[in-house]
Each structure stands twice: as structure tokens, then as C-alpha cells.
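The values are calculated or read from the model by the stated rules, or taken from the named source; none is laboratory data. Treat the numbers as computed from the prediction; the structure is a model and nothing was measured. FYI the Cβ positions are ideal-geometry reconstructions off the backbone, even for glycines, and counts take in every protein chain you see.
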Amino acid sequence: MSPVEIAILSGAAFCTSALTAVVGAGGGTALIAIMLQVMSPAAAIPVHGAVQLASNTTRVWLLWRHMSWPIIFRFAAALPLGVWLGLALFQGLPTAVIQIMIGCFVLISLGARQIGTWRESDVPLWAFVPIGFVTGALNMVVGVIAPVLGVLIIRKDLSKEAIVGTLGFFGFLGNLLKIAGFAMVGFSFTAYGPTMLCMIPAAIIGTRVGRAVLSKMDETYFLIAFRVVLVVLALKLILVDGLSQLIG
């Protein structure tokens, strides 16, 4: 890759990591969209996983005390099995169709949670076991599934720091297993060493900047911004990533 392309991707890593640290989601999806402009999907998804792992690790370190461990332990239980299934079965499926389905799920879930009894209900803790399994599988195909997890993690008993930190741990586990999975099937991360050496520090710095902004953000405004970001990501998955590819 050229120095200009590496510089652009490094700047994108900084900005998108800061965004994710503030509102919990959105940065990873934006980053992979930018990476796909200069890299093939076969390279962008694993390299994106390595960069996001650095960003998520930093977020985990900064928000360690705020995380919801009961949710995390259940989420992690079946995640490796989902990663294996994603590698074994899902690599040949049309990515555009999966992205449309994810986008529709996010919009339906957000809408349903504003109606009647759904407004006051949280996802039961046991449900995060199958959620982890499905997450592991989809993460190997789409590369980013934070919009789905973002909808499910909104709970009355979690603060804004807990939401961002728990999502960060989800990303940490998912990207760690993603990297291991792609390494097992022969992807060479060293071929993109210079790119990652520039993007990873930028992502770490961006996460620290975003964490500082999050601590000063009002809880009500955070939830509004969080939901707006999820809607935008869902529409992007449906219209830009999904339908445009199928039609084009």
C-alpha cells in the first residue's frame, strides 16, 4: 500500500476509534467501509480485526471497572463455536444478504423496544449465550456486528460506561477469535505489517480521546446518540452495503 493510503487509513482508525469510545458503536463499521475502498474484502476483514482488537483492548483497559461480567461470561461461552461455524459454513454465503438481514433486525429491534411492554423489558441474561454463538459466526462473514449487539445491550441496569465497556469486551473477544481463525486458514498478517503498525497506535490514541469525552457526556444524551448511530448503521447495512451490491 502507498504511504498516502496508509496515512488515510491511520487517520480513519483514530477518528472511528474515538467515535466508538464515545457512543459504543459505529466506528468499526465506518472503518471497514473506508478500508474497503483501498483493500479487498479478503484482506480488509482480518486487518480490520487486528486494528479493532487494539482499539477494543484499550477500551477494556479504560472501562474495566464498569463492565457487566454476568453478560460477558454468558456471551463468551459459545462464541468460539460460532467462530468455527462461520469459518466452516458461512464464507460462501452472499455477504450482501446477511448485511440486509442484520440491518432489518436492528431497525425492528429498536422499533419494538419503543412499543408497549417491550419498552420496559431487557434481554434476559441467558439469551447472551446463543447471542454469542450467532455473533461469532456472523463476525467471520460481515466483519462488524456491533449494531446488533448495541440494540441488545441497552439495559436499565447499565450506565453509559458499562454499555461502552461491555461492548468493548464483546469486540475484544470477537476480534481475538477472528484473528486466530483467519491465521488458521492461512491469512498472512505480516504482509500488511506497515499498515497495521500505523493504524493500531492511531486507534489506541483515538480510544483514549473518546473515553475522555464519554466521561463528560450526559446519560440521556448518550442513549439518544447511541440509538441514532445504530439507526444510521442499520440503514447503511441495508441500502449501501446490501441492496446496492445486489442491484449493482
Checklist entry - Given the structure, is Gly27 in contact with a Phe, Trp or Tyr (Cβ under 8 Å, 6 or more places away or on another chain) and under 30 Å from Trp126 (Cα atoms)? => result no
Checklist entry - Which one of these does Ala50 not meet: (1) modelled with pLDDT under 85; (2) closer than 26 Å to Ala7 by Cα? => result (1)
Checklist entry - Of all residues in the range 178-192 being β-branched (Val, Ile, Thr) and surrounded by fewer than 18 Cβ atoms within 10 Å (Cβ to Cβ), which is modelled with the lowest pLDDT? => result Val185
Checklist entry - Restricting attention to the range 79-87, does a residue exist that is outside any helix (DSSP H, G or I), modelled with pLDDT under 80 and more than 17 Å from the chain's Cα centre (by Cα)? => result no
Next on the checklist: Just to verify a result, which residue in the range 196-222, among those that are among the charged types (D, E, K, R) and at pLDDT below 85, is nearest to the chain's Cα centre (by Cα)?
Outcome noted: Arg211
Item to check | Filter result for the condition that a residue is without any contact (Cβ under 8 Å) to a residue 40 or more places away in the chain and either more than 26 Å from Arg74 (Cα to Cα) or crowded, with 19+ Cβ neighbours inside 10 Å (or both), over Ala203, Ala234, Ala212, Ala225 | outcome: Ala212
Checklist entry - Counting just the residues of the range 1-38 that are assigned to a loop (DSSP other than H, G, I, E, B) and free of Cβ contacts under 8 Å to residues at least 24 places away in the same chain, which one comes out surrounded by the fewest Cβ atoms within 10 Å (Cβ to Cβ)? => result Ser2
Checklist outcome for this item: Scanning the range 64-90 residue by residue, those more than 19 Å from Gly181 (Cβ to Cβ) and either basic (Lys, Arg) or surrounded by fewer than 23 Cβ atoms within 10 Å (Cβ to Cβ) (or both) turn out to be Trp64, Arg65, His66, Met67, Ser68, Trp69, Pro70, Ile72, Phe73, Arg74
Checklist entry - Can you find even one residue in the range 109-124 that is within 29 Å of Leu31 (Cα to Cα), surrounded by 22 or more Cβ atoms within 10 Å (Cβ to Cβ) and at pLDDT 70 or above? => result no
